[in-house]
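The values are calculated or read from the model by the stated rules, or taken from the named source; none is laboratory data. Predicted, not measured: the structure shown is a model, and the values here were computed from it. Using ideal geometry, Cβ is built from the backbone for each residue, glycine included, and neighbour counts are taken over all protein chains shown.
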Amino acid sequence: MKKAEYTLKGSLYALGVLAYTSAVAWLMFNGEAIFGKASDFLMPLFLLLLLIISASITGLLVLGKPIHLYLSGHKKEAFTLLFSTLAWLALFAIAIVIAIILSKSG
């Protein structure tokens, strides 16, 4: 595969992470309206389990294919895909920070 194809795949994996984290953020933002006020042990338990599930899913999206490539002997491609995905995630994070700043000033 060419470097451009790994960059495209990295963008797709980063978009998957963005979509998943957006869904989790929406759930947390609307959690009280959906579940009501937390008054017992179950809500912190749910949040900790959600954290573990989220770390696993995003870890697979970011690291799964690069680890597979690396173990298959495609070390250069593995690092290209990993750093491409991380670069896209950084760009998304910067865009979100800019959106936050613009929403505060406007």
Before we move on, is Tyr13 touching a residue at least 12 places away in the same chain (Cβ under 8 Å), out of contact with any Lys or Arg (no Cβ under 8 Å at 6 or more places or on another chain) and part of a helix (DSSP H, G or I)? no
Do you know which of the residues in the range 27-55 that are within 14 Å of the chain's Cα centre (by Cα) and hydrophobic (A, V, I, L, M, F, W, C) is farthest from Thr85 (Cα to Cα)? Leu50
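Residue-by-condition table, conditions (1) over 16 Å from Leu89 (Cα atoms); (2) not hydroxyl-bearing (Ser, Thr, Tyr):
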| site | (1), (2) |
| --- | --- |
| Ser11 | no, no |
| Ala19 | no, yes |
| Ala33 | yes, yes |
| Leu42 | yes, yes |
| Leu50 | yes, yes |
| Ser56 | yes, no |
Examine the range 82-89 for a residue that is exposed (fewer than 12 other Cβ atoms within 10 Å of the Cβ), modelled with pLDDT of 95 or more, within 17 Å of the chain's Cα centre (by Cα) and hydrophobic (A, V, I, L, M, F, W, C), and state whether such a residue exists. no
Which members of the range 38-63 meet the condition of being touching a Ser or Thr at 6+ places or on another chain (Cβ under 8 Å) and without any contact (Cβ under 8 Å) to a residue 40 or more places away in the chain? Ser54
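If only one of Ile52, Ile34 is assigned to a helix (DSSP H, G or I) and at pLDDT 95 or above, which one is it?
On the way: Ile34 fails: at pLDDT 95 or above.
From the options Ile52, Ile34, the qualifying one is Ile52.
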